[in-house]
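Chemist: Supplied in structure tokens, the structure appears directly below.
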Amino acid sequence: GAVVSQHPSWVICKSGTSVKIECRSLDFQATTMFWYRQFPKQSLMLMATSNEGSKATYEQGVEKDKFLINHASLTLSTLTVTSAHPEDSSFYICSADLLAGGTDTQYFGPGTRLTVL
Amino acid sequence: GQQLNQSPQSMFIQEGEDVSMNCTSSSIFNTWLWYKQDPGEGPVLLIALYKAGELTSNGRLTAQFGITRKDSFLNISASIPSDVGIYFCAGQGIYNQGGKLIFGQGTELSVKP
């Protein structure tokens, strides 16, 4: 149980194009999902909190117009990197929050490797 | 802001040895989580701790939530080559909004056969 998928697993795009990454909770519903970015040999950096049916909450320094987040259902959140540039190349990971028995636990997707040429 | 200090940063051990890593914080946390991340993959949950003083095992892994709510350790017994990876602790603070996690810097484990 508690499986989270991401699609695509990797993507290469040209500078100036937009890329959409999907995050799905496969066997549970998630009111809240999170988007992280990770650089090599570093820890995960939270970019934004995605709330079903409402606007995402972005961390300080993360451009909301650059990284568009949509959480249209209880099992799907999408991150769109708009007008991508080489500096946006990174490993993007989502997580979904499972609420059960009075506790909440984040389960992570397998990540999406974005390379912007 | 809340920070987690995870140590050691890296470990090189022989197969069969036991491993111990820990996280400390100046802030109190409600929940401690331990994840393992393989190269090119997302973190996988190993153990979740919800109560101060809680000691939980998952196979060869054992983790404890410190009684002060400011620290946690993870032990791996009889390490094997597939234990190689980066281990992260993560805490969910009492005053965190919306379930956000604070991550430690990670412990990179290398196991020599």
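The values are calculated or read from the model by the stated rules, or taken from the named source; none is laboratory data. Quick caveat: nothing in here was measured; it's all calculated off a predicted structure. Backbone-built Cβ (ideal geometry, glycine too); neighbour counts: all protein chains shown. Just the protein is used for accessible areas: all its heavy atoms, side chains included, with ligands, DNA and RNA removed. Shrake-Rupley method; radii C 1.70, N 1.55, O 1.52, S 1.80 Å.
Chemist: Could you list, in sequence order, the residues of segment B:11-58 that are open to solvent by 60 Å² or more (accessible area, probe 1.4 Å), of a type in the set (Gly, Ala, Ser) and at pLDDT 95 or above?
Modeler: Within segment B:11-58, B:20, B:57 meet the criteria.
Chemist: Taking into account only those residues within segment B:75-96 that are of a type in the set (Gly, Ala, Ser) and over 20 Å from residue B:9 (Cβ atoms), which is nearest to the other protein chains (Cβ to nearest Cβ)?
Modeler: If we filter segment B:75-96 for residues that are of a type in the set (Gly, Ala, Ser), which is where we start, we get B:77-79, B:82, B:85, B:90-91, B:93.
Adding the requirement that they be over 20 Å from residue B:9 (Cβ atoms) leaves B:77-78, B:82, B:93.
On the way: B:77: 24, B:78: 27, B:82: 17, B:93: 13 Å.
Residue satisfying both the conditions and the ranking: B:93.
Chemist: Return the residue satisfying two criteria in turn: it lies in segment A:14-36 and is assigned to a strand (DSSP E or B) and open to solvent by 30 Å² or more (accessible area, probe 1.4 Å), and of such residues it is farthest from residue A:75 (Cα to Cα).
Modeler: Step one: of segment A:14-36, the residues assigned to a strand (DSSP E or B) are A:19-25, A:32-36.
Next, from what is left, pick out any that are open to solvent by 30 Å² or more (accessible area, probe 1.4 Å): A:20, A:22, A:24.
Working: A:20: 16, A:22: 10, A:24: 5 Å.
That would be A:20.
Chemist: Continuing with the same structure: Could you pull out the residue among A:21, A:12 that is within 12 Å of the chain's Cα centre (by Cα) and away from every other protein chain (no Cβ under 12 Å)?
Modeler: Numbers: A:12 fails: within 12 Å of the chain's Cα centre (by Cα).
None of the other options fit; the residue is A:21.
Chemist: Given the conditions (1) among the hydrophobic types (A, V, I, L, M, F, W, C); (2) within 27 Å of residue A:6 (Cα to Cα); (3) open to solvent by 30 Å² or more (accessible area, probe 1.4 Å), which single one is not true for residue B:78?
Modeler: Of the numbered conditions (1) among the hydrophobic types (A, V, I, L, M, F, W, C); (2) within 27 Å of residue A:6 (Cα to Cα); (3) open to solvent by 30 Å² or more (accessible area, probe 1.4 Å), the odd one out for residue B:78 is (2).
Chemist: Consider residue A:64 carefully, then state whether it is of a type in the set (Lys, Arg), over 27 Å from residue B:87 (Cβ atoms), outside any strand (DSSP E or B) and more than 14 Å from chain B (Cβ to nearest Cβ). Before you say what the answer is, go through the steps one by one.
Modeler: Numbers: of a type in the set (Lys, Arg): yes; over 27 Å from residue B:87 (Cβ atoms): yes; outside any strand (DSSP E or B): yes; more than 14 Å from chain B (Cβ to nearest Cβ): yes.
Yes: the conditions hold for residue A:64.
Chemist: Right, another one. Could you tell me how many of the residues in segment B:91-110 are part of a strand (DSSP E or B) and either farther than 22 Å from residue B:41 by Cβ or at pLDDT below 95 (or both)? Can you show your working first?
Modeler: From segment B:91-110, those part of a strand (DSSP E or B) are B:91-93, B:102-103, B:107-110; that's our starting set.
When the remaining residues are screened for being either farther than 22 Å from residue B:41 by Cβ or at pLDDT below 95 (or both), the result is B:91-93, B:102-103.
Total satisfying the criteria: 5.
Chemist: Filter segment A:75-98 for residues that are more than 23 Å from residue A:41 (Cα to Cα) and either open to solvent by 40 Å² or more (accessible area, probe 1.4 Å) or within 9 Å of chain B (Cβ to nearest Cβ) (or both) and give the result.
Modeler: Correct list: A:75, A:83, A:97, A:98.
Chemist: If a residue must be assigned to a loop (DSSP other than H, G, I, E, B), within 11 Å of chain B (Cβ to nearest Cβ) and within 19 Å of residue A:89 (Cα to Cα), how many such residues does segment A:43-61 contain?
Modeler: Going through segment A:43-61 one residue at a time, the tally reaches 3.
Chemist: Just need a number here: residues in segment A:99-117 that are more than 8 Å from chain B (Cβ to nearest Cβ) and surrounded by 22 or more Cβ atoms within 10 Å (Cβ to Cβ). Please lay out each step first, then the result.
Modeler: Going through segment A:99-117, the residues more than 8 Å from chain B (Cβ to nearest Cβ) turn out to be A:99-102, A:112, A:114-117.
Checking the rest, the ones that are also surrounded by 22 or more Cβ atoms within 10 Å (Cβ to Cβ) come to A:112.
Counting residues in segment A:99-117 that are more than 8 Å from chain B (Cβ to nearest Cβ) and surrounded by 22 or more Cβ atoms within 10 Å (Cβ to Cβ) gives 1.
Chemist: Please count how many residues of segment A:1-60 are touching a Leu at 6+ places or on another chain (Cβ under 6 Å), of a type in the set (A, V, I, L, M) and closer than 22 Å to residue B:85 by Cβ.
Modeler: So the count comes out to 2.
Chemist: Can I ask one more? Given the residues A:11, A:3, which is the only one that is closer than 13 Å to residue A:114 by Cα, among the aliphatic types (A, V, I, L, M) and surrounded by fewer than 19 Cβ atoms within 10 Å (Cβ to Cβ)? I'd like the intermediate steps shown before the answer.
Modeler: Details: A:3 fails: closer than 13 Å to residue A:114 by Cα.
Every option except A:11 fails the conditions.
Chemist: Across segment B:48-74, what is the total count of residues that are within 11 Å of another protein chain (Cβ to nearest Cβ), out of contact with any Leu (no Cβ under 6 Å at 6 or more places or on another chain) and not hydroxyl-bearing (Ser, Thr, Tyr)?
Modeler: 2
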